[in-house]
Amino acid sequence: MARDIADGFVQDKFAGAKAAFEANFESGADVGASFCATKDGETVVDLWGGWADAEKTRPWTRDTIVNVYSTTKTMTFLSALIVADRGELDFDAPVAKYWPEFAANGKADIKVSYLMAHSAGLSGWKEKITKETLYDWDKATSLLAAQAPLWPPGTQSGYHAITQGYLVGEVIRRITGKSLGTFFREEIAEPLGADFWIGLPASEDARVADLIPPPPGGAIGDNLQTELQKITFNNPGVDVAETRTRAWRGAEIPAGGGTGNARAVAEIHAILANGGVAKGKRFLSEAGCRKALELQIEGTDLVLGLPARFGMGFGLPSATVPLPNPNTIYWGGYGGSLIVIDMDARTTFAYVMNKMGDGTQGDLRAFGIMGAMWAALAS
């Protein structure tokens, strides 16, 4: 039985988004996926379809969830923005104020904002590690605290692909006494009833879609040229099959290990799109939301090798990522997942999938659907 027609709902005004979503299945670009959009805090599109596995034996249902890789980072950014809005975290303060051991090896002056903007010079571990290190929070963070920066901090961004979650997460843990996954669950996901997890309980495993690796030559470790890229992406290497293990799913990997669906991603980030309020609950102030828009660093990213503009964590619009409204933030994950938060239009658009493309921060499948949303909003 073919399953290339979406389930869920879409307001009539946004029928073009459903057509674009379904076109991805008709072309074979998608195997299983979900897309969700909110406007003024209301969910206006919530679609899902296809299959949760490459063999097409498990339908992708309303409650299917999947590893979204770096879209997880946005949940870490939101957590940090909330702690800062409460007055407990100063982004301009040295990391060592909260995490004294971090001052080692010339890092005493690195600001928390550098961690958020990928400019701390710690995009990877200099010491050789294994995948097991990713599952050992204390070891992963202790190694980073002891390490010297890989380039002068604050001068350029260099995408902290996996390390960013441990760095920001440890600052939050030192302040709140809660791990990042626990803070996120208790302070954000549970109050919203949102199905997103940083550290997935075994009870939820049956709902997880299998990621399908990128095409040959399109994997993140296939085209590394610089030593910095190799340190960042190949220590340890990124193994898509690892996302099917209980060790990966259960670990708190706040830069790449989150599991959820588009509904959860869009409805969580409605907080930022709507001045700090979602589902009738206030999570942070309007000013706290707009902190995310403050440009921290721009230029050619040392790891990605591409122009980048980073706000407080999130990516900002640029010539290479043009977005309709200026007060917009976004980020995406390896393989294609993406979240766009437009504070001007008070909208969020989220897309997650299991068939991975060769991008590290979203791809054209998501932008096709989002383009239909923007067109409808402008009409």
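The values are calculated or read from the model by the stated rules, or taken from the named source; none is laboratory data. Computed from a predicted model, the values in this text were never measured in an experiment. Positions of Cβ are generated from backbone atoms using ideal geometry, with glycine treated the same way; all protein chains shown enter the neighbour counts. Note: accessible area is taken over every heavy atom of the protein model, side chains too, but ligands, DNA and RNA are not part of it. Shrake-Rupley method; radii C 1.70, N 1.55, O 1.52, S 1.80 Å.
Does any residue of the range 63-72 turn out to be open to solvent by less than 30 Å² (accessible area, probe 1.4 Å), among the β-branched types (Val, Ile, Thr) and in a strand (DSSP E or B)? Steps first, please.
Pass one, the range 63-72, residues open to solvent by less than 30 Å² (accessible area, probe 1.4 Å): 64-72.
Right, trim to among the β-branched types (Val, Ile, Thr) and you get 64-66, 68, 71-72.
Narrowing the set further to residues that are in a strand (DSSP E or B) leaves 65-66.
The answer is yes; a qualifying residue exists.
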| Candidates Gly221, Gly217, filtered to the one that is under 20 Å from the mean Cα position of the chain (by Cα), over 29 Å from Thr43 (Cβ atoms) and either without any contact (Cβ under 8 Å) to a residue 24 or more places away in the chain or surrounded by fewer than 19 Cβ atoms within 10 Å (Cβ to Cβ) (or both) | Gly221
| Would it be correct to say that Gly181 is open to solvent by less than 40 Å² (accessible area, probe 1.4 Å) and assigned to a loop (DSSP other than H, G, I, E, B)? | no
| request: Run down Arg185, Arg207, Arg173 and say which single residue is out of contact with any helix residue (DSSP H, G or I) (no Cβ under 8 Å at 6 or more places or on another chain) and within 30 Å of Pro100 (Cβ to Cβ). | output: Arg185
| query | Of Gly28, Gly49, which residue is over 19 Å from Trp374 (Cβ atoms) and in contact with a helix residue (DSSP H, G or I) (Cβ under 8 Å, 6 or more places away or on another chain)? | reply | Gly49
| With respect to Met75, is the statement that it is more than 18 Å from Thr155 (Cβ to Cβ), surrounded by 15 or more Cβ atoms within 10 Å (Cβ to Cβ) and under 23 Å from the mean Cα position of the chain (by Cα) true? | yes
| message | Is it the case, given these coordinates, that Ser142 is polar (S, T, N, Q), open to solvent by 30 Å² or more (accessible area, probe 1.4 Å) and in a helix (DSSP H, G or I)? | response | yes
| Which one is nearest to Pro215 (Cα to Cα), of the residues in the range 344-367 that are surrounded by fewer than 21 Cβ atoms within 10 Å (Cβ to Cβ) and either among the acidic types (Asp, Glu) or at pLDDT 95 or above (or both)? | Asp358
| field | strands (runs of 3 or more DSSP E) contained entirely in the range 277-334, each with at least 3 residues that are farther than 29 Å from Ile212 by Cβ and open to solvent by 30 Å² or more (accessible area, probe 1.4 Å) | value | 297-300
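I'd like to check something: does the range 146-160 contain any residue that is hydrophobic (A, V, I, L, M, F, W, C), assigned to a helix (DSSP H, G or I) and surrounded by fewer than 24 Cβ atoms within 10 Å (Cβ to Cβ)?
yes
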| task | Given the conditions (1) farther than 19 Å from Ile82 by Cα; (2) at pLDDT 95 or above; (3) of a type in the set (A, V, I, L, M, F, W, C), report the number of the one that Trp331 does not fulfil. | result | (1)
